[in-house]
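Reading through the structure tokens given below for one structure.
The values are calculated or read from the model by the stated rules, or taken from the named source; none is laboratory data. Fair warning: this is a prediction, and the values are worked out from it, not measured in the lab. Methodologically, a virtual Cβ is constructed for each residue, glycine included, from the backbone with ideal geometry; neighbour enumeration extends over all protein chains shown.
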Amino acid sequence: MFELFFEIGNYAIWIFVVTSIAAMGLNLTVPEVLAPWKKKWLLSISLIANFVVVPLFALFILYLFPLDLELATGLILVAAAAGAPSLPKAMELVGGNVAYAVGLTMILILVTIFYMPFMLPYLIEGVQVDQTSTAMYLIVFMLVPLLLTMAIRAKFPLLAYRLYPVVDRVSDLSIVVVLLIYTVALFMSDFSVKAGTLLGLEGIAVAILFILGSFAIGYTLGGPELQNRQVLAFGTGFRNVSAALVVVSASFTDPQILFMVLVIAVFGIVFMFITGGWLYRKNKKEGKRTPARDL
């Protein structure tokens, strides 16, 4: 029974990864990809924040709150994965710099695909990472779908327009299936006792602290313009769960690692919904909810 549950869950993970990236590609234009290069200093800060400061912050948290190796691995995987495909949608809702969010997400995903296989062995001490397999999985399940759907968007914009809502809906449904399956399996198996004991209040505190701290890092480093600070805050706080799940499937078999990734993802979604809702109401009240299309 549990084997079937986990098999369905694994298929749902791959569907989520591919469709979340494909949805972004179908909604992405070349000018939007090039937009971040107009302000190289902001792009540089964004890359440093996501690939240097946030991973170091995760290591600092683990120094303060040592976790079981598998749960710590899950945290590091999320910390190393930047470029959540839902970032542009979030910025459109709260009134952030949408043009920068779209282009930045594309760049972060591309860097993540090559950054994770190279850096993970150095970030996760005592854990073996199959670098070749990880790189191939990231390329096949993230880079290829992204490039293909971008090509469709460029050559057949009407087709992309029709496909986008379908692919986006499948992505939303598949991550719900993933969360439901592994939550049910968690509470119906012996793993629930072990994982619950390992995570505990300390593990929950680590997940919450990581999300809050990552958000604060982006907001602090985002520069003087509020809209850019909002983009970077959400970009650092809302990690690329798709990439983290790809690496888990490629290199790890311990369900505790997946459990930690999903826990951080859930806390991140909840926090971003709360923060995004507050910003939406604030911008609407001030009459400033007009998504910025230019840098």
Looking only at helices (runs of 4 or more DSSP H) that fall completely inside segment 1-101, which ones have 2 or more residues that are charged (D, E, K, R)? 2-26, 87-94
Give me the pairs: first residue in segment 143-166 and more than 11 Å from Asn27 (Cβ to Cβ), second residue of a type in the set (Ser, Thr, Tyr) and surrounded by fewer than 19 Cβ atoms within 10 Å (Cβ to Cβ), beta-carbon distance under 8 Å, and six or more apart or on different chains, which are they? Ala154/Thr29
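Every residue, every condition in (1) under 24 Å from Leu77 (Cα atoms); (2) modelled with pLDDT under 85; (3) not hydrophobic (A, V, I, L, M, F, W, C), yes or no:
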position: Phe118; (1), (2), (3): yes, no, no
position: Ala151; (1), (2), (3): no, no, no
position: Lys155; (1), (2), (3): no, no, yes
position: Phe210; (1), (2), (3): yes, no, no
Thr105 meets each of (1) surrounded by fewer than 22 Cβ atoms within 10 Å (Cβ to Cβ); (2) under 30 Å from Leu226 (Cβ atoms); (3) of a type in the set (Val, Ile, Thr) with one exception, condition (1)
From Val140, Val129, grab the single residue that is among the β-branched types (Val, Ile, Thr) and loosely packed, with under 15 Cβ neighbours inside 10 Å. Val140
Qualifying position, being in contact (Cβ under 8 Å) with a residue 60 or more places away in the chain and more than 23 Å from Gly222 (Cβ to Cβ), among Ile113, Ile61: Ile113
When you scan segment 225-244, do you find a residue that is over 18 Å from Gly276 (Cα atoms) and either surrounded by fewer than 24 Cβ atoms within 10 Å (Cβ to Cβ) or over 13 Å from the mean Cα position of the chain (by Cα) (or both), even just one? no
Inside segment 118-135, the number of residues satisfying the requirement of being part of a helix (DSSP H, G or I) and in contact (Cβ under 8 Å) with a residue 40 or more places away in the chain is 5
Total residues in segment 93-129, condition closer than 18 Å to Ile21 by Cβ and not β-branched (Val, Ile, Thr): 10
Looking at segment 30-57 only, could you name the residues that are charged (D, E, K, R) and either surrounded by 13 or more Cβ atoms within 10 Å (Cβ to Cβ) or in contact (Cβ under 8 Å) with a residue 24 or more places away in the chain (or both)? Glu32, Lys38, Lys39
Leu77 vs (1) crowded, with 17+ Cβ neighbours inside 10 Å; (2) farther than 25 Å from Ile139 by Cα: all pass except (2)
List the residue pairs whose Cβ atoms are under 6 Å apart, where the first residue sits in segment 205-217 and is under 15 Å from Pro55 (Cβ atoms), the second is modelled with pLDDT of 95 or more and among the aromatic types (Phe, Trp, Tyr), and the two are 6 or more positions apart or on different chains. Gly213/Phe57
